[in-house]
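K.L.:
Structure provided below as structure tokens; questions to follow.
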Amino acid sequence: MSSPTASTHPDETAHQEPVVAALRAMVRVPTVSLRSPDVADPALVAELHRVMAAHFPLLHARLERVEVPGSPGALLFRWPGRSAERPVVLMAHQDVVPAGEDWTGDPFEARLEAGTLWGRGVLDDKGSVAAVCQAVEDLLAAGHTPAQDVWLSFGHEEEVSGEAAAHAAAELERRGVAPWLVLDEGGAVGTEVFPGVAVPVAFIGVAEKGTTSLHLTASGGGGHASTPARGGATARLARAVLALEKHPLPARLGDVTVEMFRRLAPHATGPIGAVLARVDRARPVAARALAAMGGEAAALVRTTTVTTTLAGSPALNVVATRATAGVNARIAPGESVADLLAHVRRTVGEGIEVEVVEHGEPTPLSPWDDEAFALLEAGVREVFPDAVPTPYVVLAATDGRFFTGLCPRVYRFAPFRMSATQRASIHGPDEHLHVADLLDGVRFYRRLLEELPA
Ligand SMILES: [Zn+2]
């Protein structure tokens with residue numbers, strides 16, 4: 001950010017940035033996705049499209065808008081390049097999660113205060129939509145033609161695992177478009193990530209865990225609550241739930257995580273640097289140590305399971321004849337739904353029915369020793385010179401997974417600096433983005449578009 005002069009308040013300078021005005025207007029349209037009853041209100045999605053058209057007039061005039069069959073709310077644009085041989089897809093999503101409680105101000109007011117923008121979606125993921133569009137708008141204004149065809153794909157059902165991105169991928173496939181590079185949200189330039197690593201880390205996702213949900217059901221028993229029998233459905237289900245928590249899937253250190261630690265090692269201070277540098281030769285020990293740390297560290301090294309829902313009898317004085325637990329699992333790359341099912345069946349034992357409710361395999365790995373990844377790294381080095389770029393496995397799901405069948409190089413990275421507090425504000429209260437970081441995001445996308453290989 002250029003330092004404000006004595007006579008200009010930082011917010012006044014920020015107000016004049018077109019991308020700031022665009023993002024604020026976009027945040028004010030609450031395209032909230034709800035699992036129930038439905039996805040974001042189509043009228044609000046249409047309103048968001050009007051706001052975007054007003055703020056990015058060149059983009060809307062010069063790029064071809066391609067309808068996405070089955071998903072009228074999805075935005076798909078084609079910017080013809082000098083070549084169509086190695087097309088690039090830039091992705092982000094238009095919808096946001098509900099604001100929830102505990103916000104300091106109105107989550108949809110898009111308050112700008114002391115160089116910071118507050119509002120639902122500024123990080124996840126309207127900030128990326130705005131930054132991508134502004135980069136394209138700026139380049140169009142400068143008369144730039146990209147070296148390759150550039151596609152912009154903005155789904156509107158990401159937060160509810162909707163079909164919009166899958167439909168967009170299907171449309172590209174139908175048109176014979178085989179992307180060379182796909183870039184979606186996922187990682188960011190994180191500060192304060194690992195204890196002992198003082199530098200910012202640019203996490204570029206090269207894979208995603210798979211999301212799979214199961215129902216565990218115990219049946220039988222019943223009768224009157226005044227004369228209960230032992231070993232009823234609820235008690236057997238409770239034992240199964242506890243067994244699953246007590247016996248997690250084995251911890252393993254995959255190649256991506258080893259590469260991440262190898263890159264971080266030179267930047268770690270104290271004994272942790274030496275440990276990180278040797279991780280590859282001591283994978284089982286390191287995996288167990290990370291698993292013991294719990295939280296994100298543990299999630300990096302294993303397929304996780306957690307019981308999320310529980311249901312028994314509908315009345316306090318009725319004994320359940322069926323008790324069901326919902327289990328949400330995140331499957332690590334290299335493992336599968338079949339591995340998960342085998343582990344769960346073995347762990348909960350006989351008499352518990354295991355049913356797959358939602359089936360999601362982990363994605364394949366995108367390469368990190370490759371020209372496309374190097375292009376992203378070069379962008380990081382230019383725009384975030386203090387950050388260390390590294391591949392990593394995205395723990396959550398992104399729309400990018402729908403493109404892995406179409407493109408071997410799907411990367412997940414939003415080019416914004418995010419502190420620990422900011423990362424916690426994604427899906428939480430007081431989501432915020434510094435204007436200087438939004439402008440860096442625009443620079444990153446602009447540079448990426450300018451440097452596409454011929
Ligand atoms: Zn998102």
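K.L.:
Give A387, A372, A378, A396 a once-over and let me know the one that is within 16 Å of the ligand (Cβ to nearest atom) and either touching a helix residue (DSSP H, G or I) at 6+ places or on another chain (Cβ under 6 Å) or small (G, A, S) (or both). First the steps, then the outcome.
P.N.:
Numbers: A387 fails: within 16 Å of the ligand (Cβ to nearest atom); A372 fails: within 16 Å of the ligand (Cβ to nearest atom); A378 fails: within 16 Å of the ligand (Cβ to nearest atom).
Sole residue among the options that is within 16 Å of the ligand (Cβ to nearest atom) and either touching a helix residue (DSSP H, G or I) at 6+ places or on another chain (Cβ under 6 Å) or small (G, A, S) (or both): A396.
Quick grid of which residues meet (1) over 15 Å from the mean Cα position of the chain (by Cα); (2) of a type in the set (G, A, S); (3) at pLDDT 95 or above:
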{"residue": "P107", "(1), (2), (3)": "yes, no, yes"}
{"residue": "R111", "(1), (2), (3)": "yes, no, yes"}
{"residue": "L117", "(1), (2), (3)": "yes, no, yes"}
{"residue": "K126", "(1), (2), (3)": "no, no, yes"}
{"residue": "Q148", "(1), (2), (3)": "yes, no, yes"}
{"residue": "E163", "(1), (2), (3)": "yes, no, no"}
{"residue": "A169", "(1), (2), (3)": "yes, yes, yes"}
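K.L.:
To continue, here is another question. Name the single residue, out of those in the stretch 81-96 being in a loop (DSSP other than H, G, I, E, B) and within 20 Å of M52 (Cβ to Cβ), that is farthest from the ligand (Cβ to nearest atom).
P.N.:
Looking at residues that are in a loop (DSSP other than H, G, I, E, B) and within 20 Å of M52 (Cβ to Cβ), I get Q94.
K.L.:
Could I ask something else about it? Within the stretch 152-198, take every residue that is of a type in the set (G, A, S) and touching a Gly at 6+ places or on another chain (Cβ under 6 Å) and give me the one that is farthest from the ligand (Cβ to nearest atom).
P.N.:
Among those that are of a type in the set (G, A, S) and touching a Gly at 6+ places or on another chain (Cβ under 6 Å), it is G196.
K.L.:
Go through the stretch 366-386 and count every residue that is surrounded by fewer than 19 Cβ atoms within 10 Å (Cβ to Cβ) and not in a helix (DSSP H, G or I).
P.N.:
Number of matching residues: 5.
One line per residue, one yes/no per condition, for (1) more than 15 Å from the ligand (Cβ to nearest atom); (2) assigned by TED's automatic domain parsing to the domain that holds V20; (3) in contact with a Gly (Cβ under 7 Å, 6 or more places away or on another chain); (4) closer than 22 Å to L449 by Cβ:
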| site | (1), (2), (3), (4) |
| --- | --- |
| E113 | yes, yes, no, no |
| R120 | no, yes, no, no |
| D124 | no, yes, no, no |
| V129 | no, yes, no, yes |
| Q134 | yes, yes, no, yes |
| L139 | yes, yes, no, yes |
| A142 | yes, yes, no, yes |
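K.L.:
From the list V182, V189, exactly one residue is touching an Asp or Glu at 6+ places or on another chain (Cβ under 9 Å), in a strand (DSSP E or B) and modelled with pLDDT of 95 or more. Which is it? Working first, answer last.
P.N.:
Values: V182 fails: touching an Asp or Glu at 6+ places or on another chain (Cβ under 9 Å).
When all the criteria are applied, what remains is V189.
K.L.:
Got at least one residue in the stretch 362-369 being in contact (Cβ under 8 Å) with a residue 40 or more places away in the chain, over 20 Å from A178 (Cα atoms), in contact with a strand residue (DSSP E or B) (Cβ under 8 Å, 6 or more places away or on another chain) and away from the ligand (no atom under 16 Å from the Cβ)?
P.N.:
yes
K.L.:
Cβ contacts < 6 Å: first residue assigned by TED's automatic domain parsing to the domain that holds T390 and farther than 18 Å from Q422 by Cβ, restricted to the stretch 184-198; second residue within 16 Å of the ligand (Cβ to nearest atom) and part of a strand (DSSP E or B), any location; separation 6+ or different chain. Result?
P.N.:
D184/M91; D184/R412
K.L.:
Go over the candidates D102, D106, D41 one by one and state the one that is among the charged types (D, E, K, R), more than 16 Å from the ligand (Cβ to nearest atom) and farther than 25 Å from D437 by Cα.
P.N.:
D41
K.L.:
Sort through G405, G428 and tell me the only one that's in contact (Cβ under 8 Å) with a residue 24 or more places away in the chain, within 16 Å of the ligand (Cβ to nearest atom), assigned to a loop (DSSP other than H, G, I, E, B) and surrounded by fewer than 23 Cβ atoms within 10 Å (Cβ to Cβ).
P.N.:
After applying the criteria, what remains is G428.
K.L.:
Just to be sure I understand, how many residues within the stretch 292-320 are more than 34 Å from the chain's Cα centre (by Cα) and crowded, with 17+ Cβ neighbours inside 10 Å?
P.N.:
The first filter runs over the stretch 292-320 and keeps only residues more than 34 Å from the chain's Cα centre (by Cα), leaving 313-320.
Narrowing the set further to residues that are crowded, with 17+ Cβ neighbours inside 10 Å leaves 313, 319-320.
Residues in the stretch 292-320 being more than 34 Å from the chain's Cα centre (by Cα) and crowded, with 17+ Cβ neighbours inside 10 Å: 3 in total.
K.L.:
Between a residue in the stretch 222-235 that is farther than 25 Å from E350 by Cα and any residue that is surrounded by 13 or more Cβ atoms within 10 Å (Cβ to Cβ) and modelled with pLDDT of 90 or more, which pairs come within a Cβ distance under 8 Å, given they are 6 or more apart or on different chains?
P.N.:
Cβ pairs passing all conditions: H224/V319; A225/V318; A225/V319.
K.L.:
Given the conditions (1) assigned by TED's automatic domain parsing to the domain that holds A240; (2) surrounded by 18 or more Cβ atoms within 10 Å (Cβ to Cβ), which single one is not true for G349?
P.N.:
All conditions are met except number (2).
The values are calculated or read from the model by the stated rules, or taken from the named source; none is laboratory data. None of the values given here were measured: they were computed from a predicted structure. Every residue, glycine as well, gets a Cβ built from its backbone with ideal geometry; the counts of neighbours run over all protein chains shown.
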